[in-house]
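What follows is one structure encoded as structure tokens, with my remarks underneath.
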Amino acid sequence: MSPFSYINGVLCAEQTPLNQIARQFGSPTYVYSKAALTANYSAYANACRAGGRDAANALVCFSVKSNSNLGVLSVLKQLGSGFDIVSGGELLRVLAAGGDPHKVIFSGVGKTRDDMRLALSHDILCFNVESIPELHRLNEVAGQMGKRAAISLRVNPNVDAKTHPYISTGLKDNKFGVAYEDALATYRAAAALSHIEVVGIDCHIGSQLLDDAPLLEALDKLIELIDTLDAEGICLHHLDIGGGIGIAYDADQPVAIGDYLGRLFARIDVWRASRYQGRPIKVMFEPGRSIVGNAGVLLTEVLYLKHGESKNFAIVDAAMNDLMRPAMYDAWHGVQAVVQRDGAGSLYDVVGPVCESGDWLARARMLPLEQGDLLAIMSAGAYGMTMASNYNTRGRAAEVMVDGEKLFLVRDRENPADLFNLERTLD
């Protein structure tokens, strides 16, 4: 059952009417369902257990870049999640939410020395290294601190994820990872460095994958490389297959988490028994969107209805600065009226008040609307608030977590004074 459904004609988050949330906290507001977060994370955890894996040999690391709110992170921490980060700031968020740094992996192509020092000072689980220059810089920083940095190489397997080009990361033309052809030489170089400890291999080929075939193809290439490394005496302790499983925004039919992990574990088990001498290897995942995407909506109010000769516009108080995905990716998000009305309605483009023609949230939606109505922009839990900006000096939205009939304000709405508090005049 969806965490967002109609009860007596009013769209609710779990048991709480969204119009009640709007009255209490205003709009635009992001609303998250704790039950949905729990169920989506548990789909991974349960599939690991079904595949015979426990906390010692499987780890789900939530991708913080998809939603970094402390309330969201704290729920996942309580469920046992690890975290995949891409900046020092994200590490500080994880720590502020009570996360365990020993369950943190650090990805990203542009880690700074400060990032490295911060992560090393907290003894994170692993760095996912993406280039030889990064490898040497990490070795230098770790040496200065008297530490050894545990690393995986993010290997780019040149597998087409068949997704939007902006979120495809596994092809040779992408900026991410070490090319598959260069991976063996890079592992040899890493193994020779005095302040580097080689512990694993990592791969992430893209986001919003509806089919697991590209992921399993990438897995086969990682397995082949692990065998080659093992023959050279470079023994890895974990295999990180990344994230990427998609969600249903419209009529999408993503692969079920349990089915995907079942096929993945079956391949790993056959390989371990036949070629890897059955030695244990920890399996790690970096899901983001598939955990939080459909657990959140963006609540917005219709400011004006503007009827034109060729188009009708529903002008709302949320904008591209609140939800960038439509303008950036031409992304589709469902739109539902919070209070159901009779009648077919009219065809509207749902647009925001920002002074850009690209400021739209949905196009050509049949909606029965009146000025002042509330709308819910669906499937907005991932890459909504984390990509939000203050364009047009607009404060970012409030964020609310729903737990049954309980409401938790997990982020205050920004006001204009917050936005220029760090600025100075020349007077």
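Condition first: outside any loop (DSSP other than H, G, I, E, B) and of a type in the set (S, T, N, Q). Now tell me which residues in the stretch 1-39 satisfy that.
Start the filter on the stretch 1-39 by keeping residues that are outside any loop (DSSP other than H, G, I, E, B), which leaves 4-7, 10-13, 16-25, 29-39.
Hits for the stretch 1-39 are S5, T16, N19, Q20, Q24, T29, S33, T38.
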Taking A318 as meeting all but one of (1) within 25 Å of the chain's Cα centre (by Cα); (2) surrounded by fewer than 17 Cβ atoms within 10 Å (Cβ to Cβ); (3) in a loop (DSSP other than H, G, I, E, B), write down the number of the exception.
(2)
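Go through the stretch 328-381 and give me each residue that's among the small types (G, A, S) and either over 22 Å from the mean Cα position of the chain (by Cα) or not assigned by TED's automatic domain parsing to the domain that holds L303 (or both). Please lay out each step first, then the result.
If we filter the stretch 328-381 for residues that are among the small types (G, A, S), which is where we start, we get 331, 334, 337, 343-346, 352, 357-358, 362, 364, 372, 376, 379-381.
Within the stretch 328-381, A337, G343, A344, G345, S346, G352, S357, G358, A364, G372 qualify.
Just give me the residues in the stretch 325-367 being among the basic types (K, R) and more than 19 Å from A251 (Cβ to Cβ), in sequence order.
The first filter runs over the stretch 325-367 and keeps only residues among the basic types (K, R), leaving 325, 341, 363, 365.
Result: R341, single match.
Is it the case that some residue within the stretch 331-349 is within 18 Å of R396 (Cα to Cα) and modelled with pLDDT of 95 or more? I'd like the intermediate steps shown before the answer.
Kept after step one, since they are within 18 Å of R396 (Cα to Cα), are these residues of the stretch 331-349: none.
Scanning the stretch 331-349 turns up no residue that is within 18 Å of R396 (Cα to Cα) and modelled with pLDDT of 95 or more.
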I'd like the full set of residues that are closer than 17 Å to G296 by Cβ, free of Cβ contacts under 8 Å to residues at least 40 places away in the same chain and of a type in the set (S, T, N, Q), limited to the stretch 67-83.
S74
Report, by residue number, each residue of the stretch 396-413 that is surrounded by fewer than 17 Cβ atoms within 10 Å (Cβ to Cβ) and in a loop (DSSP other than H, G, I, E, B).
G404, E405, D412, R413
I want to confirm something. Restricting to the stretch 321-332 and keeping residues that are under 13 Å from P28 (Cβ atoms) and of a type outside the set (A, V, I, L, M), which single residue is surrounded by the fewest Cβ atoms within 10 Å (Cβ to Cβ)?
N321
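In the stretch 140-171, what residues are surrounded by fewer than 20 Cβ atoms within 10 Å (Cβ to Cβ) and either at pLDDT 90 or above or more than 25 Å from the chain's Cα centre (by Cα) (or both)? First the steps, then the outcome.
Keep residues of the stretch 140-171 that are surrounded by fewer than 20 Cβ atoms within 10 Å (Cβ to Cβ), which gives 140, 143-148, 158, 160, 162, 164-167, 171.
Result: E140, G143, Q144, M145, G146, K147, R148.
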Listed residues K221, K282, K311; which is assigned by TED's automatic domain parsing to the domain that holds D373 and at pLDDT below 95?
K311
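Per-residue answers, yes or no, for (1) in contact with a helix residue (DSSP H, G or I) (Cβ under 9 Å, 6 or more places away or on another chain); (2) at positive phi:
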| site | (1), (2) |
| --- | --- |
| G372 | no, yes |
| A388 | no, no |
| T393 | yes, yes |
| G404 | yes, yes |
Yes or no: the stretch 279-298 includes at least one residue that is buried (at least 24 other Cβ atoms within 10 Å of the Cβ), under 18 Å from R394 (Cα atoms) and touching a residue at least 40 places away in the same chain (Cβ under 8 Å).
yes
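Which is of a type in the set (A, V, I, L, M, F, W, C) and free of Cβ contacts under 8 Å to residues at least 24 places away in the same chain, of V86, V109, V64? Steps first, answer last, please.
Numbers: V109 fails: free of Cβ contacts under 8 Å to residues at least 24 places away in the same chain; V64 fails: free of Cβ contacts under 8 Å to residues at least 24 places away in the same chain.
Testing whether each residue is of a type in the set (A, V, I, L, M, F, W, C) and free of Cβ contacts under 8 Å to residues at least 24 places away in the same chain leaves just V86.
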Looking at L92, is it surrounded by fewer than 19 Cβ atoms within 10 Å (Cβ to Cβ), in the same structural domain as V155 (by TED's automatic domain parsing) and farther than 22 Å from I205 by Cβ?
yes
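Listed residues I85, I21; which is closer than 21 Å to K406 by Cα and modelled with pLDDT of 95 or more?
Details: I85 fails: closer than 21 Å to K406 by Cα.
The match here is I21.
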Residue among V335, V339 that alone is β-branched (V, I, T), surrounded by fewer than 18 Cβ atoms within 10 Å (Cβ to Cβ) and under 24 Å from Q24 (Cα atoms)
V339
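Working only within the stretch 299-315, note down all residues that are part of a loop (DSSP other than H, G, I, E, B) and of a type in the set (S, T, Y). Explain how you work it out, then say what you get.
Filtering the stretch 299-315 down to residues part of a loop (DSSP other than H, G, I, E, B) leaves 308-311.
Passing the criteria: only S310.
The values are calculated or read from the model by the stated rules, or taken from the named source; none is laboratory data. Predicted model only: the values in this text are computed from it and were never measured. Quick reminder, even Gly has a Cβ in these numbers, built from the backbone with ideal geometry, and neighbours come from all protein chains shown.
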